[in-house]
1. Between residues in the stretch 333-356 that are without any contact (Cβ under 8 Å) to a residue 60 or more places away in the chain and residues that are aromatic (Phe, Trp, Tyr), which pairs lie under 8 Å by C-beta distance while being six or more apart or on different chains?
2. Of the numbered conditions (1) closer than 30 Å to Gly199 by Cβ; (2) crowded, with 20+ Cβ neighbours inside 10 Å, Val271 satisfies every one except a single condition; which is it?
3. Suppose we keep only residues that are without any contact (Cβ under 8 Å) to a residue 24 or more places away in the chain and either among the small types (Gly, Ala, Ser) or not in a helix (DSSP H, G or I) (or both) within the stretch 437-473. Which one would you say is surrounded by the fewest Cβ atoms within 10 Å (Cβ to Cβ)?
4. Yes or no: Pro283 under 28 Å from the mean Cα position of the chain (by Cα) and closer than 15 Å to Gly321 by Cα?
5. Being in a loop (DSSP other than H, G, I, E, B), among the small types (Gly, Ala, Ser) and crowded, with 22+ Cβ neighbours inside 10 Å is the filter here; which residues of the stretch 38-49 pass it?
6. Given the criterion buried (at least 17 other Cβ atoms within 10 Å of the Cβ), at pLDDT 95 or above and under 17 Å from the mean Cα position of the chain (by Cα), identify the matching residue among Gly341, Gly321.
7. Say we look at the stretch 202-229 and pick out the residues that are touching an Asp or Glu at 6+ places or on another chain (Cβ under 8 Å) and over 26 Å from Val397 (Cα atoms); which of these is surrounded by the most Cβ atoms within 10 Å (Cβ to Cβ)?
Amino acid sequence: MTESSADTYDVIVIGGGPPGENAADYAHKGGLSAVLVESELLGGECSFWACMPSKALLRPVELLHAAHAVPGVPIGDRLDTDKVFARRDEFNHHRDDSSQVEWATNAGLDVVRGHGRLAGERVVEVESADGSKRTLTARHAVVLVTGTTAAVPPVPGLREAQPWISRDATNLVEVPGRIVVIGGGVVGCEASTWLRALGAEVTLLVREDRLLIRTEPFAGNLVADAMRESGIDVRLGVNIEEVRRGAVTNVAIGKIRGAEVTVVADGEEHVADEVLAAVGRVPRSDDVGLPSVGLSPGGYIETDDTMTVRGVDGDWLYAVGDVNGRALLTHMGKYQARVCGDVIAARAAGKPLDGLRYRASSDHGVIPQVTFTDPQVACVGLTEAEARAAGANVRCVEYDLGNLAGTSLLQDGYTGRAKLVVDADAETLLGATFVGPEIGEVVHSATVAIVGKVPIEVLWHAVPSYPTASEIWLRLLETWRAGS
């Protein structure tokens, strides 16, 4: 039977989140036809379940805190939950992806609904919700962009208790009176912040001895201090032994599941209305047909810097975004996708892959990230510990962000800190961390300095505007000079 031309594309992208959209769009702009295969909502985790709804929930928290820190601003003591939820729902379009589909169509991309699986070289089988199947064939490339899903740790009774995961926390429709949050990473810390601000009694149980374990130690400590001040019960270094729950009567997203839940940690019982498992992510690669091309399912899919999957001949299979495990962040997935789209188009045209645009290099130790707690944690590059472990000759400088005119004007009692990790031999930056209210916008200047390998002596001539938080750069460089 002859394959229909309607089922043949230059590029097939399995997964329609932001990285998938970018990969398809960039390949199409390079002159290729492309189709997005999506089993859920086009726009993916970020648009509907993660970045957008979570930041919509956190922004009112920041503003309320800031308003209370600036005398003369008339404001109440509590957030209006209904209005906060309404604004969140506007940002994630009430989980309706029609506008995303319209964008794709206008961009010249096709959209096919269903679960996509590899079925051999350049072949993708799509299974629709009704069980029907359709076979698509790629002339040049297939891109896997299936992302990750929330992990539920193997704590006795936890899975049976049907805990909330990140999707429930970002799309909550009722606020639990009491909630236990398990995990002190980004999701656990951000969710605890908005849940407390919306009126929940929050107990945060963390296995590690500090929050945000992958950042500089002072970052997690400052966030923990602020959380405790807000009324969150932060427990560090605990072992969760068991979870017990009675009847589960409701598994709808963002709804309280039913009976009270008891979380036993270090012998102590924490009774709550809900429990949130926020302990990381696992790749969605177990059901994408990897065995059909000789790969093992279930783990992260390894790629080279062109985003080409290792272990598959012919340079036709690619993986971008969370599923490759290189950097589990939307903006890094989109960055990889831009590289991927350019690589696919260049290979299709027979062009050499010369130039920086065809290599994803910034997810090797130059990854920027903002955790939108209150205070925010903004970091890029290596921590001091990571730099020393890599063998660098390291010198660090730190400065109190509260001592700047710009931050003092931002709000009274501003508390924060900044740190630069410097290669003492080359006198260029290896990493930077900024912790403080509304400090996230500062991190991109550090990203540019690290990616560009800008020498300290050149940074001295990048004069920050006064009075802004960017003055931290001057103070850090002055501290560097004073120690030289």
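1. Pairs found: Val339/Tyr358; Val343/Tyr318; Val343/Tyr358.
2. Condition (2) is where Val271 drops out.
3. His461
4. Working: under 28 Å from the mean Cα position of the chain (by Cα): yes; closer than 15 Å to Gly321 by Cα: yes.
It is true that Pro283 is under 28 Å from the mean Cα position of the chain (by Cα) and closer than 15 Å to Gly321 by Cα.
5. Within the stretch 38-49, just Gly43 meets the criteria.
6. Gly321 is the lone residue from the list that is buried (at least 17 other Cβ atoms within 10 Å of the Cβ), at pLDDT 95 or above and under 17 Å from the mean Cα position of the chain (by Cα).
7. Looking at the filtered set, the residue picked out is Leu204.
Residue-wise test of (1) in contact (Cβ under 8 Å) with a residue 24 or more places away in the chain; (2) part of a helix (DSSP H, G or I).
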site	(1), (2)
Ile12	yes, no
Glu21	yes, yes
Asp25	yes, yes
Met52	yes, yes
Leu58	yes, yes
His65	yes, yes
Ile75	no, no
Arg78	yes, no
Ala86	no, yes
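The values are calculated or read from the model by the stated rules, or taken from the named source; none is laboratory data. Everything quoted here is computed from the prediction, not taken from an experiment. Cβ sites come from the backbone with ideal geometry, for glycine too, and all protein chains shown count toward neighbours.
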